[in-house]
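Student: Please find one structure pasted underneath; my questions will follow.
The values are calculated or read from the model by the stated rules, or taken from the named source; none is laboratory data. Given the structure is predicted, the values throughout are model-derived calculations rather than measurements. Here Cβ is always computed from backbone atoms with ideal geometry, including for glycine, and neighbour counts include all displayed protein chains. Ligands, DNA and RNA are excluded from the accessible area calculation, which covers all protein heavy atoms including side chains. Shrake-Rupley method; radii C 1.70, N 1.55, O 1.52, S 1.80 Å.
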Amino acid sequence: MSGPRIPLPTDSSVPKYGTPIDHAVAAFAASVVRQRALDPATTELVRLRCARVHDCRLCRSVRNVEATDVDEATAAKIDRYETSDLDERAKVALRLTDAMILDPSTADARLRADARRLFSEAEIAELLLDVVKWSQQKASVALRIEPAPRDGLSELRFDDQGRARVGAALA
Amino acid sequence: MRMDSVAPPGRQALARWAPEPVAALAEVESVAAASVDATTLELVRRRVAALLGTTVPATGDAAAPLSPERAAALDDWRGSPLLDDREQALLTFVEQFVFSVSSMGDEEVAALLEHATAEQVHELANVTWAVDLTTRLDLVAAAVLA
């Protein structure tokens, strides 16, 4: 397990290191969280796919408390979602996610048709922006400044402004 | 960060459905562009675009940060005498970031830290994310939403 490649942030009152781009990223992330077109379960599947592909230790270790439909048995299906019994809407959401984080050329006419059959345009827009937001983890993973808060799983909550808060340990 | 004044089709489609996050993302791009020098930004933009199978808009600007010779060298940049050690470390980092950030090694970051402070490397990681994910977003949104 790699340790931090630069010193970890020390001021918890500001986003990350408190630089102008840290503040701009935090404002963007909060604005995405405040979108309410997409259901919490789909959002959580997308978040966990990003976390697992990018190997973000922090994101992998938290669970959004709003996504009550996504239990650990469901989460375990994400790695091999195509052959899983997840429903078609979930699979198309994960294909859109993979088009964003793995290979944009897979966003073809078939994926477009499937996405527009199962999701509204507002939902598709939110899902794509969700992927950009969750994938901010890539900057932290590159520098390995994303330690998990504790062994095991923790609650992930968002306040009314869209700011993330890691909460109590999950049983 | 985009050099053209008109947003690409995918971004325009996104803005119709999610104007607030799209505006916030444009602000991220603007702040990111201001956080590194013009040559570094251009190297990141061109390399990310090439890795994702697209191109960056031509500026037609005689004061462009990369000469045509140096821009052409990006197609086969490893060991090119037209790119210095700092630029080669940057391009190595960008490639690993785009293809498989989970496989980034200590050595790629250590090479950057030979030429920059820890805070500058943090900024560079954020700039790379901004260019990487907005490029991906514009490609996918154009295909499925525009």
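Student: Applying the selection to region A:104-122, what residues are in a helix (DSSP H, G or I) and open to solvent by less than 30 Å² (accessible area, probe 1.4 Å)?
Tutor: Matches in region A:104-122: A:PRO104, A:LEU111, A:ASP114, A:ALA115, A:ALA122.
Student: Given the criterion closer than 21 Å to A:SER140 by Cα, open to solvent by 20 Å² or more (accessible area, probe 1.4 Å) and among the charged types (D, E, K, R), identify the matching residue among B:GLU69, B:GLU114.
Tutor: B:GLU114
Student: Keeping to region A:45-58, report how many residues are crowded, with 22+ Cβ neighbours inside 10 Å and either among the hydrophobic types (A, V, I, L, M, F, W, C) or over 17 Å from A:ILE101 (Cα atoms) (or both).
Tutor: Total meeting the criteria: 6.
Student: Say we look at region A:109-131 and pick out the residues that are within 7 Å of another protein chain (Cβ to nearest Cβ) and free of Cβ contacts under 8 Å to residues at least 40 places away in the same chain; which of these is farthest from B:PHE99 (Cα to Cα)?
Tutor: Here the answer is A:GLU121.
Student: Can you tell me how many residues in region A:150-171 are open to solvent by 70 Å² or more (accessible area, probe 1.4 Å) and touching a residue at least 24 places away in the same chain (Cβ under 8 Å)?
Tutor: 5
Student: Residue by residue through region B:117-133, note down the ones that are open to solvent by 10 Å² or more (accessible area, probe 1.4 Å) and either facing chain A (nearest Cβ under 7 Å) or in a helix (DSSP H, G or I) (or both).
Tutor: B:ALA118, B:GLU119, B:GLN120, B:GLU123, B:LEU124
Student: Still on this model: Please tell me if B:ALA71 is under 23 Å from A:SER105 (Cβ atoms), more than 13 Å from the chain's Cα centre (by Cα) and modelled with pLDDT under 95.
Tutor: For B:ALA71, the condition - under 23 Å from A:SER105 (Cβ atoms), more than 13 Å from the chain's Cα centre (by Cα) and modelled with pLDDT under 95 - is not met.
Student: Which one of the conditions (1) within 16 Å of the chain's Cα centre (by Cα); (2) buried (at least 19 other Cβ atoms within 10 Å of the Cβ); (3) closer than 26 Å to A:LEU143 by Cα does B:VAL109 fail to meet, given that it meets all the rest?
Tutor: Status for B:VAL109: all satisfied but (1).
Student: Select, from B:THR117, B:THR59, B:THR39, the only residue that is at pLDDT 95 or above, over 27 Å from A:TRP134 (Cα atoms) and among the polar types (S, T, N, Q).
Tutor: Every option except B:THR39 fails the conditions.
Student: Evaluate the following for A:VAL92: is it free of Cβ contacts under 8 Å to residues at least 40 places away in the same chain and open to solvent by less than 10 Å² (accessible area, probe 1.4 Å)?
Tutor: In short, yes.
Student: Here is a follow-up. When the residues of region B:88-106 are filtered to those that are surrounded by fewer than 18 Cβ atoms within 10 Å (Cβ to Cβ) and in contact (Cβ under 8 Å) with a residue 40 or more places away in the chain, which remaining residue is nearest to the other protein chains (Cβ to nearest Cβ)?
Tutor: B:PHE99
Student: Looking at region A:90-108, which of the residues that are under 17 Å from the mean Cα position of the chain (by Cα) and more than 11 Å from B:ARG136 (Cα to Cα) is farthest from the other protein chains (Cβ to nearest Cβ)?
Tutor: Among those residues, the one meeting the criterion is A:ALA90.
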